[in-house]
Amino acid sequence: MGVDRRRPVVSSPGRDKQLAQFRASAAQLFIHGFPLLLADAIRRSHPMAHAQLYLLGPNGAALAPGLEGEDSRVVIASAWIDLADQPVILRLPATHGRHLVLTLFDSSGRPFGSAGSRTGHDGGADIAVVGPNWRGELPGGLTARRAPSDSAWVVSRLYAHSGIDYRATAAIAKRQCVAHLAPDNSGSNATLPSLAPPSPPTARQVAGLTPELLLHRLQAIIDRAPRIEAAPIRALLAELTAPLDPSEDVHWRDAVTETLTKGFADGLESIRTTAAQAGHDTTDSWWPAPSNAGAWPATATERAARAYADMGAPEREDVLAFSCDQDRLREPLSGACSYVIHFPRTGLPPAEAFWRLIAVPATPASGRHGLGDHNDLLLNRDGSLDILIQVSPPEPGLIRNWLPAPGGQFSLSMRLHWPRTPALTGSWRMPPVERTDSGLTATDPGRRKARPPNPGRSDPTQQQRESFLIWRSA
């Protein structure tokens, strides 16, 4: 006679209290384990998990959130390396003046080192990466980068000089390779295979794990986790796996499974809420990317939120990123309006390599994706700089400083590659985005006429002002 699985568990104060505790613990387990699970999903997306670099597509957001919104001129390569038995050598070719950023992440997605142009490795170099327990001597004067875990994720970004230079840049990127210490292993690859974006995206894969599979995945990867992450996860795993033992009553196991599902959903919601709030400055319309917000977060929820929003992003010393989706009057940015960003002569973007401003989503039809100091920008007579952001091209004399805007609502992303000290310390800040078609802008204590981007530019017409009022009331 079959067991009636539909029979509910008899409710009692003791069992209700136990299930409530399981739900709270499940939420904590999801929060503590999320970075490990997301990094593991990224690892699983590589057909050969270790010792093979793969080229990524122009936007790798499906693989990792920190790869979203990348410059169209960057060639990205990704690899997972196994450090349990011996060190791994990352071989970097000479870039011939192209900017290179290589970032190393541990098995929880936390960056622990970088190399490239900023560290003087763009002339070609071998970078040794060793595991946490390795003891030995490296040949040839190699310097070791010690990983906190027995596996690591490598992401390299090589930036083309221009769109025309992209193909040559990709050819150089394909000369990157992974090698071991064995003398007969040159590590050379004739070609670098491409990595198809995972479907569904890795973050959605983690969110969709069943309780049984999530617990199984964590138990399988916990031994290779950084020690600082492992202890709380082990304790929570021990608490939550016992009630799912096959010897337990089937109806009790069903109740526990349902409770764990709710707890994991609670944990995900907490991560999403924290990620949405992270980095936003209530006094400024620009906010830094989570990975650029400063020191590594102290709490598990903040660390999970950073992974959820930005896993795979470079370290702030390599790329400092800011985002904006409002003008100075706190109105959403829209293609129905025209804007200007004014950099004073003493406040130009402080980047040692280069800086780049892009609109998200991009407008590829314009043939111009992003604007920066690699472009032939026109300075004002006093040495200041104005960037015009609008759908239609401006007058011919200003088109060099034009960033095409998409038709609907959009955001802006500013990236300083190899930022200088003023940007890292916060003494330099991004100027606000000013409306130029409304005739009004915010100042303290009142309002003033919008400053023309260059002398001689005409004031907004009455028709433009009426369009602005219609847009605000929509």
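Side notes on the structure shown:
- Of residues in segment 396-427 being surrounded by fewer than 12 Cβ atoms within 10 Å (Cβ to Cβ) and within 23 Å of the chain's Cα centre (by Cα), the one farthest from residue 103 (Cα to Cα): 426
- Flag if residue 306 is within 19 Å of residue 105 (Cβ to Cβ), buried (at least 16 other Cβ atoms within 10 Å of the Cβ) and of a type in the set (Lys, Arg): yes
- Any hit, segment 104-112, residues being in contact with an Asp or Glu (Cβ under 8 Å, 6 or more places away or on another chain), under 24 Å from residue 414 (Cα atoms), buried (at least 21 other Cβ atoms within 10 Å of the Cβ) and of a type outside the set (D, E, K, R): yes
- Residue in segment 302-320 that is more than 30 Å from residue 233 (Cβ to Cβ) and touching a residue at least 40 places away in the same chain (Cβ under 8 Å) present: yes
- Meets criteria (surrounded by fewer than 20 Cβ atoms within 10 Å (Cβ to Cβ), closer than 16 Å to residue 27 by Cα and among the hydroxyl-bearing types (Ser, Thr, Tyr)) for residue 261: yes
- Residue count, segment 321-342 (criterion: under 13 Å from residue 434 (Cβ atoms) and either more than 26 Å from the chain's Cα centre (by Cα) or free of Cβ contacts under 8 Å to residues at least 24 places away in the same chain (or both)): 6
Residues checked against (1) within 16 Å of residue 344 (Cβ to Cβ); (2) assigned by TED's automatic domain parsing to the domain that holds residue 118; (3) in a loop (DSSP other than H, G, I, E, B):
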{"position": "369", "(1), (2), (3)": "no, no, yes"}
{"position": "381", "(1), (2), (3)": "yes, no, yes"}
{"position": "388", "(1), (2), (3)": "no, no, no"}
{"position": "397", "(1), (2), (3)": "no, no, no"}
{"position": "422", "(1), (2), (3)": "yes, no, no"}
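- Among the residues of segment 135-157, those identified as over 16 Å from residue 114 (Cβ atoms), at pLDDT 90 or above and outside any strand (DSSP E or B) are 149, 150.
- Looking across 78, 107, one residue alone is assigned to a strand (DSSP E or B) and either in contact with a Phe, Trp or Tyr (Cβ under 9 Å, 6 or more places away or on another chain) or acidic (Asp, Glu) (or both). It is 78.
- Residues that are more than 22 Å from the chain's Cα centre (by Cα), without any contact (Cβ under 8 Å) to a residue 60 or more places away in the chain, more than 30 Å from residue 237 (Cα to Cα) and not assigned by TED's automatic domain parsing to the domain that holds residue 358 do occur in segment 104-121.
- The residues listed here are 305, 293, 276; of these, the one that is touching a helix residue (DSSP H, G or I) at 6+ places or on another chain (Cβ under 6 Å) and closer than 21 Å to residue 64 by Cα is 305.
- The number of residues in segment 113-160 being within 26 Å of residue 223 (Cα to Cα), buried (at least 17 other Cβ atoms within 10 Å of the Cβ) and of a type outside the set (D, E, K, R) comes to 16.
- Just one of (1) out of contact with any Ser or Thr (no Cβ under 9 Å at 6 or more places or on another chain); (2) among the hydrophobic types (A, V, I, L, M, F, W, C); (3) crowded, with 23+ Cβ neighbours inside 10 Å fails for residue 75. It is (1).
- The residues in segment 26-44 that are closer than 12 Å to residue 271 by Cβ, small (Gly, Ala, Ser) and touching a Gly at 6+ places or on another chain (Cβ under 7 Å) can be counted, and the count is 1.
- Residues in segment 237-253 that are surrounded by 16 or more Cβ atoms within 10 Å (Cβ to Cβ) and in contact (Cβ under 8 Å) with a residue 40 or more places away in the chain: 237, 240, 243, 251, 252.
- Here the condition is being of a type in the set (Asp, Glu) and at pLDDT 85 or above; of 184, 165, it holds for 165 alone.
- Number of the condition not met by residue 295 [criteria: (1) out of contact with any Ser or Thr (no Cβ under 7 Å at 6 or more places or on another chain); (2) hydrophobic (A, V, I, L, M, F, W, C); (3) buried (at least 18 other Cβ atoms within 10 Å of the Cβ); (4) over 17 Å from residue 430 (Cβ atoms)]: (3)
The values are calculated or read from the model by the stated rules, or taken from the named source; none is laboratory data. Everything numeric here is computed off the predicted structure, so don't read it as measured data. Methodologically, a virtual Cβ is constructed for each residue, glycine included, from the backbone with ideal geometry; neighbour enumeration extends over all protein chains shown.
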